[in-house]
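The values are calculated or read from the model by the stated rules, or taken from the named source; none is laboratory data. Fair warning: this is a prediction, and the values are worked out from it, not measured in the lab. Ideal geometry is used to build each Cβ from the backbone, glycine not excepted, and the neighbour counts take in all protein chains shown. Protein only, heavy atoms only, side chains kept; ligands, DNA and RNA dropped before computing areas. Shrake-Rupley method; radii C 1.70, N 1.55, O 1.52, S 1.80 Å.
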Amino acid sequence: MGSRQAAVLGSPIEHSLSPVLHGAAYRELGLDWTFSRVLCTAEELPAFVDGLGPEWAGLAVTMPGKRAALAYATELTRVAELVGAANTLVPRDGGWLADCTDVEGIVGSLTAAGGVPDGGRAVVLGAGGTATAALTALEAFKIPAATIVVRDPARADEALACASRVGLDVDLIRWDTADFAALCGEADLVVSTVPTGAVEAVASDIVRAGCVFDVIYHPWPTPLALAAQKQRTRLVTGLDMLLHQAFAQVRWFTGQDAPREAMRVALRSATATELQLPV
């Protein structure tokens with residue numbers, strides 16, 4: 001296979017770790033490929049992708065372009081349809097296929113950390129794009145229901161629509177009325193997709209759950225990470241999610257299984273001054 005190109009699109013984009021992961025994968029697979037960062041807004045995405053040639057093997061898409069990527073695609077995976085957003089575009093027969101490998105990233109990370117009991121109780125903090133991926137990932141663990149905690153219920157429409165598509169029963173609770181100690185103490189899994197400042201005051205209550213998935217990993221350690229360490233609660237981070245979703249992207253782009261250990265080592269090396277991967 002000759003030299004090809006791939007990239008991650010987003011705005012901002014300069015801190016993306018995707019080139020670390022994909023670059024390590026391509027080298028390990030013996031591919032003379034390049035992977036770059038491209039500053040690209042949601043509005044700019046269609047024109048950018050329109051201009052790409054046959055040498056392009058695929059695109060990773062980060063914020064704010066995930067819904068634009070879904071709308072642009074000519075073919076959707078079931079997962080992308082369920083989530084309502086896409087972080088991966090792959091050229092297909094004159095068009096582009098969209099997938100959301102964030103779901104595989106969440107499932108893979110949780111599985112590596114010991115999994116979640118089938119039919120367990122789940123709590124999702126926040127209702128944005130990562131929250132919809134988390135709600136979709138619950139299907140893999142046969143979790144039938146979830147509680148979503150949000151500051152503004154009026155902004156939870158996309159999360160509620162996603163839960164409906166997945167077949168999840170959901171309770172929607174306002175942040176300022178939530179009893180976090182009771183709610184999380186009964187949960188097998190809490191997924192936090194909100195900024196660190198939002199959880200700082202209730203971190204010790206949140207980590208009463210069986211497992212905490214904190215999608216934030218910079219700056220490290222987060223309030224949830226510190227509380228989880230103190231409570232000895234199982235912790236999964238957004239860095240784990242990034243690694244596991246990249247395994248799926250590499251498979252999409254190259255048609256080969258991702259060289260997981262090479263990618264894991266590269267990510268550890270790139271973030272060694274910040275944290276060690278808990279998984």
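Is it true that Val149 is crowded, with 24+ Cβ neighbours inside 10 Å and more than 23 Å from Ala198 (Cβ to Cβ)?
When the stated conditions are applied, Val149 does not pass them.
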task: Report yes if Val90 is within 20 Å of the chain's Cα centre (by Cα), surrounded by 14 or more Cβ atoms within 10 Å (Cβ to Cβ), touching a residue at least 24 places away in the same chain (Cβ under 8 Å) and assigned to a strand (DSSP E or B), otherwise no.
output: yes
Scanning region 108-143 for residues that are in contact (Cβ under 8 Å) with a residue 60 or more places away in the chain and assigned to a helix (DSSP H, G or I), the one nearest to the chain's Cα centre (by Cα) turns out to be Thr130
Residue hits (region 246-273; surrounded by 16 or more Cβ atoms within 10 Å (Cβ to Cβ) and either of a type in the set (Ser, Thr, Tyr) or closer than 21 Å to Pro195 by Cα (or both)) are Thr254, Thr271
From the option list Leu39, Leu52, Leu59, Leu29, single residue qualifying as closer than 15 Å to Gly95 by Cα, of a type in the set (A, V, I, L, M) and open to solvent by 30 Å² or more (accessible area, probe 1.4 Å) is Leu52
Within region 1-22, residues surrounded by fewer than 17 Cβ atoms within 10 Å (Cβ to Cβ) and over 25 Å from Pro46 (Cα atoms) come out as Met1, Gly2
Matching residues in region 45-61 (β-branched (Val, Ile, Thr) and touching a Pro at 6+ places or on another chain (Cβ under 9 Å)) number 0
When every residue in region 168-193 that is outside any loop (DSSP other than H, G, I, E, B) and among the β-branched types (Val, Ile, Thr) is compared, the one most open to solvent (accessible area, probe 1.4 Å) is Thr177
Counting only residues in region 199-219 that are over 15 Å from Arg232 (Cβ atoms) and either within 17 Å of the chain's Cα centre (by Cα) or touching a residue at least 40 places away in the same chain (Cβ under 8 Å) (or both), the one surrounded by the fewest Cβ atoms within 10 Å (Cβ to Cβ) is identified as Pro219
